[in-house]
Structure formats: structure tokens, C-alpha cells
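The values are calculated or read from the model by the stated rules, or taken from the named source; none is laboratory data. Just so it is clear, the model here is predicted, and its values are computed rather than measured. Cβ: placed from backbone, ideal geometry, glycine included. Neighbour counts: every protein chain shown. We work out accessible area using only protein heavy atoms, side chains counted, and drop any ligands, DNA or RNA first. Shrake-Rupley method; radii C 1.70, N 1.55, O 1.52, S 1.80 Å.
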Amino acid sequence: MSELHTATPGRAWWRDAVVYQVYVRSFADANGDGRGDLQGIIDHMPYLQQLGVDAIWLCPCFPSPQMDHGYDVADYFDIEPTYGNLDTFDRMVAAASGHGIKVMLDVVPNHCSSQHAWFQAALAAPKGSPERDRFYFRDGKGEHGELPPNNWTAIFGGPAWTRVTEPDGTLGQWYLHVFTPWQPDFNWENEDVADHFDRMLAFWFDRGVEGFRVDAVGVVGKTEGLPDQVIDPNAGTATEQAGKNEHIQFKPRAHDYWRRWRRVIDAYQAEHPGRDLVTVSEAYTPGRPDLLLKFVEPDQFHQSFNFDLMLAPWIAGPIRHSVAEVYDVLTGAGASVTWTLNNHDTQRAVTRYGRANATEMVSWTKNNLVYVDAPVDEALGLRRAEAMVAFAAGLPGSLYLYQGEELGLPEVLDVPADRREDPLFARTGGKEIGRDGCRIPLPWTDDAATAFGFSPADHAEPWLPLPAEWGRYAASVQAGDDDSTLGLYRHLLEHRRALDVDAPLAWVLADSDELVAYRRGKVTVVLNVTDHAMTLPADLVGNGTVIVTSVRGHDDPTTVPSDSCIWLLDR
Ligand code: GLC
């Protein structure tokens, strides 16, 4: 395969990286408390190396009351005690480095935990104090301030304001939280806040962290004066309504904060030759590559997640469009592109693609959080998910994988209500099913006595229950089987490494309603989204041979089986 490899010397590693997202709480539990931990990650480093990933991104692993499972940070300079401590963290970074893997962390700039020392200090301090100015404290409306300062709703349900009890025991001001009451929003106009994050970045870079995923950048910064939202009567769910609140979404001012970060990062890098730091921002911008582009201007984030492909239905046109639109806009501006099909906020691809409405336009963007009744054919969903990752893995740019997708895990839809942990479920009274189903602990072995290898023999109940039949997905069961989903991922990442990174994306069969196909250098990638085999035109096949196929054993370059993807290499 080396004949294909023509990587540009000096090219930043992250531009074509495969980054594996570790949801720490559900990855591997080494100490038996039913929650994943850093030692669990150390123990499974060889697995990650064999999979072929360049980096891991750890979901927030800082001290946290876990009201939003780490996205409520109580201290940005330490490790969540149930996950380990700074020494364990340093050992983990060393273990990763020993396996050729870089470590990225997850920084949450929009809000902290209501248990953060600064928020506790703000509660104890009077109205108008510098402590309160780090957040959004405001007087309520109404004669006695009994009404919230404005009509904003929270993204996870309920109002976006909570009234506090002042130190003298009287009801007092309100504070803003666009997610949950346990996540007060920072006021980024306050210099303490900006300075805090400058220090945080350097603190973790000093410990060997090579980059950050930056959480929820779209809601950082608010319209001055915090005016009422004009309510759209058709707004739908809480998530959708808050998503339409122009006063909390995509405020231009926030880009100044990101420019400041980039200056800090570039200065750090200049002082530390050999480091190649990266940031990837998280904002949902479906169908708005112009918005996405704003985050990856050269003086801001190095990358931004692009979720359009993940949210597209199983239809050729929208799949092609979702790739082409983002690719054209970002690469046209010289920015790096990312691809992802799963994450800890979205129903797993196996379930999305297996749902009866996956081939309908209506499933577009609607399939991640809201409970949908359409029946799911998991075998079909897995077949399509495997096809889609084969399709995505050939695209130029970097690929972000989410733990468990390499095992073909489906979404667990029937987590009992009393075991659900996602605040989204509770705050919306169960109207939005929430994200627990994609956060179930990983099955490592088929031994039910150890929660399928997630925990050691003597262990507490895992924080979310693993379905009884999950032994069949176990990593140990799949590891020796090249035809398993894990085998496919390993094979795919190996071939991806051999692609010519400088080869641009060139569409072929661009008008097809059945096939989505592109060429990169000597490789042609063809995805068939129909339920029947498709014959390829002879000029497309040329003298190509099949080097990747999501349908095991398929080696005929002239056909693509139903719901599958092949890679053809020119000979
Ligand atoms: C991001 C995270 C999500 C979290 C939210 C609030 O969207 O991915 O898990 O709940 O931000 O921090």
C-alpha cells in the first residue's frame, strides 16, 4: 500500500487524523465502582492502537457532580476522583504516547457546575458584586422580582433561569443557565473568565495534552441586554425552541473569545517546538456551512465538527449534498474538514439507519434525541452503518469515531425510566428520550459476571445497565474475526492510512439516485443506498480491484451489493 502514500511533509497530524471519542464513564471500569475510569483506558491502550487511531478525545474528566456527566465542571484543573487523579492522568498520557496515540481533552467554556467555587462564591456574594459578574445574575421581573428576567427556555427543558436564595434567606436574583440549573452560564465579558480558560489550556498542554474538543461553542456569548425571544409557535421540542433563540445562538462577539484562545495556543506552540496542538469546536450547523466556516477561520479553531452527514437520511441526494456542501465551503477557504457518524449526544448509527423511516426525508436531523416510534431493523441498520463508515473513511479530512461504533453497538432504546440518567429526559418530563441509550458501558468480553468485561469480578452495578445479550458484541468475541465489525474498522483504517492525503474529492455518477460515489487519487469509493445490487459502468470500474467492502467476501468490482460500500483501487 505504500505506493499510494504521498503525505505532505510537515503536514499537521490532525488534518487527516482518526480520533476516537472516549466517553470515560462508560469505557472501562478498572476499580469496580460501576463507572469507567482512567486506569480502564490505560488497560485498553493496546486495543486502541490495534484499531489504528491517531488520538483519543476524552469527554470531560474533571471533578464534577455529574449532573450532566462531566459537562458540569466543578474544577477545570483536576481529575474527577472516581476516574483517578492527576498521577493516573499522567500515566494515561504516557501510556497513550507509548502506543503512538495523542490525547485530547474536552473543555466546556459556556458554563461550569453550580458546585464550582466561583459559582458558590457568587451565591454568597451580594448583588452587583464582582463574584456575580462572572455569571449572568439579574433581577426578576414582576412586583417582587418573582418572574424570570426574560422568556428564554433551556436547551434541556424548563426555563433558562433559576432564582437564588440570598445569604440572608430571602428570595433574590436569578441566574442564567441555557442547559440545566446545575450549569450556570459564564459571562465571557468578564476578564476573570477569559483568563481562567487561558490558564486552563496551558495547564493541560503542560501535562502532554495535544488538543481540545471545545463544547457547545454556539451558545457562548449572549445578546446584550438579554432581550426576550420572539417565540415561534411551531418551535417544537425544548431543544428546538432554544435552538431558535437568536439571543443565545451564534453570537458574533464569541469569535473574539476564540481569537484570544488561538493567540494563547499559537504562543504556547511557538514556545514548545515539536508540539502540534489542535482544537475542534462543537456546534450544530445543519445546512449552514457558512456558520461552520466562521469557527474555522485561520485565527480561531483548527477544526469544527461537521454533523451534516451524520444527520442526513439514507437517501443518495442528501448524503451527497451534505458532504459536498461542507467540503466545498471549508476546503474552498483552506479550512480542514471533519467527518463523524456517532457521538455521545446522538442515537447510534445502527439504530438510526435501521429505523423504518431512515429512507424518508422526514428523518433528517430528527433522529437523535426525540423518541420515534418507527420500528428498527438492527441487522439492516448495522449493514448500512458499516457501509456509511466505509464511505466516510475515504473522504479527505479527519474522522472522529465514537467508542462502541467499531463493535456495531445499537442504541439501547429500552433503558428503564428509573435508570435513565440524562438530565434531558427528566427536565422534559420524558418527552425527549435523552442520550443514555448511546452511553451504555462497553462490552469487552462475553462474561456476564463482569458486566461483559466492563468491570472486574467484584463490582458495583454499572451506572447504566448493559443489555443481557450484549456479550455478542464484545470486543474479545470480535477481535479474532476479520469479518466482524471490529475487523472491518481495523481494515478500513489501515486502508485509509494508505490514501493519498493530498488527493482532492472528485464526485462521479453525480446525478445518481442510487449510488453516491467519489474518487480520491487511485481509489474510487461507491456507496449503494438501495435494497438491490447495482452494476457499475465499465469506465468507472476500469481495471480496479476491490480493496474494501462492507459486505464481507464481495470481490466483484463491477457490482455493489445492496446497502453497502466498496473501495476500488486502480491497478
Ligand atoms: C454539548 C455536549 C453535551 C452536553 C452539552 C452541555 O452539546 O456534547 O453532551 O450535554 O454540550 O455541556
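What the table shows:
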{"read-out": "Cα-derived Rg over Rh, computed across region 310-399 with Rh taken as Kirkwood radius", "value": "0.98"}
{"read-out": "Accessible surface ranking that places the most exposed of 102, 141, 251 first, with a 1.4 angstrom probe", "value": "141, 102, 251"}
{"read-out": "Coarse-grained scattering of the chain at q = 0.06 Å⁻¹, given as base-10 log I(q)/I(0) from a Debye sum over alpha-carbon atoms", "value": "-0.30"}
{"read-out": "Degrees between helix 316-332 axis and first principal axis of the chain (Cα, 0 to 90, nearest 10)", "value": "70 degrees"}
{"read-out": "Which listed pairs, of 222/244; 141/431; 222/294, have C-alpha distances above 24 Å, in listed order", "value": "141/431"}
{"read-out": "Cα centroid separation, region 408-478 to region 310-334 (Å)", "value": "32 Å"}
{"read-out": "Residue-averaged [θ]222 nm for the chain, counting only DSSP H segments that reach four residues, each worth -39500 (n - 2.57)", "value": "-7500 deg cm²/dmol"}
{"read-out": "Region 309-352, accessible area per residue, ligands and nucleic acids excluded (1.4 Å, Å²)", "value": "19 Å²"}
{"read-out": "Assigned charges on the beta-carbon of Lys, Arg, Asp, Glu; region 446-538 dipole about Cα centre (debye)", "value": "500 debye"}
{"read-out": "Helix 378-393 axis, angle to the chain major axis (alpha carbon atoms, nearest 10°)", "value": "90 degrees"}
{"read-out": "Surrounding net charge for residue 526, when Lys and Arg each add one and Asp and Glu each subtract one, Cβ distance under 15 Å", "value": "-4"}
{"read-out": "Charge context of residue 155, other residues only, Cβ under 12 angstrom, K/R +1, D/E -1", "value": "-3"}
{"read-out": "Taking region 117-176 and dividing mean pair separation by its residue count, relative contact order in percent (alpha carbons under 8 Å, at least six apart)", "value": "30 percent"}
{"read-out": "Net charge, residue 326 excluded, C-beta distance under 14 Å - Lys, Arg +1, Asp, Glu -1", "value": "-1"}
{"read-out": "Rounded to 10°, Cα long-axis angle of helix 485-497 versus longest principal axis of the chain", "value": "80 degrees"}
{"read-out": "Charged-residue dipole, Cβ positions (Lys, Arg, Asp, Glu), region 503-570 about Cα centre, Debye nearest 20", "value": "360 debye"}
{"read-out": "Placed amide H near residue 355: partners under 5 Å, 5+ positions off or other chain", "value": "377"}
{"read-out": "Separation between Cα centres of region 46-118 and region 492-538, rounded to whole Å", "value": "36 Å"}
{"read-out": "Length gained when the stretch residue 127-residue 333 is fully extended (0.36 nm per residue, less Cα-Cα span)", "value": "69.6 nm"}
{"read-out": "Dimensions (Å) - region 502-562, Cα atoms, principal axes, largest first", "value": "32, 25, 20"}
{"read-out": "Proportion of all alpha-carbon pairs of region 61-196 beyond 26 Å (%)", "value": "32 percent"}
{"read-out": "Relative contact order [Cα under 8 Å, 6+ residues apart], region 503-570, whole percent", "value": "32 percent"}
{"read-out": "Extension reserve of the residue 483-residue 498 stretch, reckoned as 0.36 nm per residue once the Cα distance is removed", "value": "3.3 nm"}
{"read-out": "Percent accessible area from carbon and sulfur atoms, the chain, protein chains only, probe 1.4 Å", "value": "53 percent"}
{"read-out": "The chain, relative contact order [Cα under 8 Å, separation at least 6], %", "value": "14 percent"}
{"read-out": "Karplus-derived HN-Hα couplings along region 516-525 (A = 6.51, B = -1.76, C = 1.60, θ = phi - 60°), whole Hz, x at Gly and Pro", "value": "10, 9, 8, 10, 9, x, 8, 10, 10, 10"}
{"read-out": "FRET efficiency, residue 522 to residue 94 (Cβ-Cβ, R0 35 Å, nearest 0.05)", "value": "0.35"}
{"read-out": "Size of region 117-176 as Cα extents on the principal axes (Å, biggest first)", "value": "27, 26, 16"}
{"read-out": "Interatomic Cα distance distribution for region 321-472, bins of 10 angstrom, percent", "value": "10, 34, 34, 17, 4, 0"}
